């Protein structure tokens, strides 16, 4: 499903950054500069705790993966320690997490990537969404702590082989060690995973972070044989309904690009809010 192309491009870029981070962190130490920085925010929810970073940078401008006519950059922050309240604050500021890094767009001349979140307290599935839920009534959804098995890796590789053949995505294959590094590291106490089963067969995995007041939908992959039943929409609905049952306020869906086919689907989930702009450290985020 092309709707989940967001993470394909971002994961590719951030895998490259992961290899650079160790080298740059060593450079900072050998150059007698601080190997970590402390960032504080004004949010009352942070309880005076200080987040620790070892690196923060903006990548060099490049062609946008979603809108080829645009030039894109990511702001990337490698974090060694933060509280769940600090993570919630970063989500409210438009960041997404990948491993031990958080990132957000930092494009010079384009603001089409917009952070989007669903107001889960007010969410009620519409007729089309209820049809998808009924269509997947045979699927068993289990919420688990983060762990990885060979079943995860085989399903991930199957999904990406299919997307390479069907949509022309760059072929990505992983190992158990790489999967753990990329998807389990950095989650700390916030990481969860939804495992979807058709009888006893694992057919989908949705990685989700939970912080005070919100969830963040991190990544989803599935068995191509499940594709006809709209597994992507089903998984989003499942997680939104979980957040609602848990009395949370928001479900962060990542970045919405209205003019990009593979990213426009996120606007279907309502009621929603859009982050007006990506704020600085001392500027409160504004959603509407």
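The values are calculated or read from the model by the stated rules, or taken from the named source; none is laboratory data. From a predicted model like this one, the values you see are computed outputs, not experimental measurements. Here Cβ is always computed from backbone atoms with ideal geometry, including for glycine, and neighbour counts include all displayed protein chains.
Check 264, 235, 230 and return the single one that is crowded, with 17+ Cβ neighbours inside 10 Å and farther than 21 Å from residue 209 by Cα.
After ruling out the rest, the residue left standing is 230.
Looking only at region 149-167, filter to residues that are out of contact with any strand residue (DSSP E or B) (no Cβ under 8 Å at 6 or more places or on another chain) and under 12 Å from residue 202 (Cβ atoms); which one of those is surrounded by the most Cβ atoms within 10 Å (Cβ to Cβ)?
That would be 153.
Take residues that are under 26 Å from residue 64 (Cα atoms) and touching a helix residue (DSSP H, G or I) at 6+ places or on another chain (Cβ under 7 Å) and tell me which of the strands (runs of 3 or more DSSP E) falling wholly in region 175-262 contain 2 or more.
201-211, 214-222, 250-256
Can you pull out every residue in region 267-288 that is touching a strand residue (DSSP E or B) at 6+ places or on another chain (Cβ under 8 Å) and either loosely packed, with under 13 Cβ neighbours inside 10 Å or part of a strand (DSSP E or B) (or both)? Before you say what the answer is, go through the steps one by one.
Within region 267-288, the subset touching a strand residue (DSSP E or B) at 6+ places or on another chain (Cβ under 8 Å) is 267, 269-276, 278, 281, 285-288.
Residues satisfying the conditions are 270, 271, 272, 273, 274, 275, 281, 286, 287, 288.
Kindly indicate the residue of region 163-179 that is on the phi < 0 side of the Ramachandran plot and over 21 Å from the mean Cα position of the chain (by Cα) and also modelled with the highest pLDDT among those meeting that condition.
Top of the filtered list is 165.
Would you tally the residues in region 242-253 being surrounded by fewer than 21 Cβ atoms within 10 Å (Cβ to Cβ) and within 28 Å of residue 52 (Cβ to Cβ)?
Of the residues in that region, 2 qualify.
Test residue 92 against the criterion of being surrounded by 20 or more Cβ atoms within 10 Å (Cβ to Cβ) and touching a helix residue (DSSP H, G or I) at 6+ places or on another chain (Cβ under 7 Å), and give yes or no.
no
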